[in-house]
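First the structure, in the form of structure tokens, and then the observations on it.
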Amino acid sequence: MDLLQFKYFQTVAYTEHISKAAEKLNIAQPSLSLMIKRLEEEIGTKLFDRKGRNIYLNDSGKILLQHVNKIFSEIENAKMEIQEKDKEKNNTIKISISNPRFLSGLIIEYFNQCPDGKIQQCLGSRDSIDIKLKKGEIDLGIAGPPIQNEEVESCILVEEDIVLVVPPEHRFANRATIDLKEVASESFISLADNDEYKTIINTLCHSAGFTPKVTFEVDYSLLIEMFQLGKGVGLIPITICKKHKLTYIRISDPESKFIVGLSWLKDRYLSPLTEDFKHFIISYYKNSQNN
């Protein structure tokens, strides 16, 4: 067994598709299949269950993947420590977030304090952030709900109330609270390409006994515009409503919460700059809640 085999295995494990993994690794599919077969022979057990063209990581494969992730994480730790020791500090913080608003305002304040800092930021789903952390491709991730598993450590940044947005002239606009079942027949505006958001919203509506009738499904910037135009009702965190001065009603369901968390890989070496940024994020959100 060697690192190349483990890298190939890791890629197949996360894609769960030989052809897609081969394309990503830029090697021939038969070569990749042979490499995986040899790895299984060396370990003495199957690592994947195969169903037609699809493959699925089995229990043995999941155990190996955890250890492989740790191997590559430790290698990355060694590289980072060597760079620090040789004073070749990596002053770029790599962070992925599932929504642009999670760093809104925070970045300006950070650079006012640390003008020489460098940040490489990307957008991704909660699942992609989880994978990138485990593969060592990013240092930090912010997602809602927070990532929770034995390889990743998370800290809750904020727990927001989810409220119902309505047009200013809506018949319920003057209500202080509402039971969601009262708007079961309303047209909903929803956020596109965000599975975490959809899961939370669908769970709340299903608990109220209905499936939301989504008329508009748009990205974040258009979502706010659609609410401002009064094109329907929707469920979003209260801080967004206050920021954009939207008309909203609190929901009677006590589970109507949206929790955002900061995550990092357990035992991963973080540069002093990244550690400082991690603590800055936590402090910024804590102070924002107190103000």
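Tell me yes or no: at least one residue of the range 167-176 is over 21 Å from residue 224 (Cβ atoms) and in contact (Cβ under 8 Å) with a residue 60 or more places away in the chain.
Yes: one or more hits.
Residue 121 fails exactly one of the following numbered conditions: (1) surrounded by 15 or more Cβ atoms within 10 Å (Cβ to Cβ); (2) assigned to a helix (DSSP H, G or I). What is the number of that condition?
Just one mismatch for residue 121, condition (2).
Collect the residues in the range 220-236 that are part of a helix (DSSP H, G or I) and touching a residue at least 60 places away in the same chain (Cβ under 8 Å), keeping them in residue-number order.
Answer for the range 220-236, where residues must be part of a helix (DSSP H, G or I) and touching a residue at least 60 places away in the same chain (Cβ under 8 Å): 220, 227.
Check whether at least one residue in the range 134-152 is assigned to a helix (DSSP H, G or I), at pLDDT 90 or above and within 24 Å of the chain's Cα centre (by Cα), and report yes or no.
yes
Inside the range 241-275, can you point out the residues that are buried (at least 16 other Cβ atoms within 10 Å of the Cβ), part of a helix (DSSP H, G or I) and either free of Cβ contacts under 8 Å to residues at least 40 places away in the same chain or not aliphatic (A, V, I, L, M) (or both)?
Across the range 241-275, the qualifying residues are 241, 274.
Could you say which residue among 129, 75 is β-branched (Val, Ile, Thr), within 26 Å of residue 47 (Cβ to Cβ) and exposed (fewer than 14 other Cβ atoms within 10 Å of the Cβ)?
75
Return only the number of the condition from (1) in contact (Cβ under 8 Å) with a residue 60 or more places away in the chain; (2) in the same structural domain as residue 118 (by TED's automatic domain parsing); (3) closer than 29 Å to residue 19 by Cα that residue 100 does not satisfy.
Result: residue 100 fails condition (3) only.
Residues that are in contact with a strand residue (DSSP E or B) (Cβ under 6 Å, 6 or more places away or on another chain) and closer than 30 Å to residue 287 by Cα: which strands (runs of 3 or more DSSP E) entirely in the range 14-113 hold 2 or more of them?
92-97
Restricting attention to the range 187-207, which residues are part of a loop (DSSP other than H, G, I, E, B) and surrounded by 17 or more Cβ atoms within 10 Å (Cβ to Cβ)?
Answer for the range 187-207, where residues must be part of a loop (DSSP other than H, G, I, E, B) and surrounded by 17 or more Cβ atoms within 10 Å (Cβ to Cβ): just 194.
Looking at (1) under 30 Å from residue 115 (Cβ atoms); (2) out of contact with any Leu (no Cβ under 8 Å at 6 or more places or on another chain); (3) not assigned by TED's automatic domain parsing to the domain that holds residue 99, which one does residue 220 not meet, given that it meets all the others?
Just one mismatch for residue 220, condition (2).
The values are calculated or read from the model by the stated rules, or taken from the named source; none is laboratory data. Worth saying up front: this structure is predicted, and the values here are computed from it rather than measured. Neighbour counts run over all protein chains shown; Cβ positions are idealised from the backbone, glycine included.
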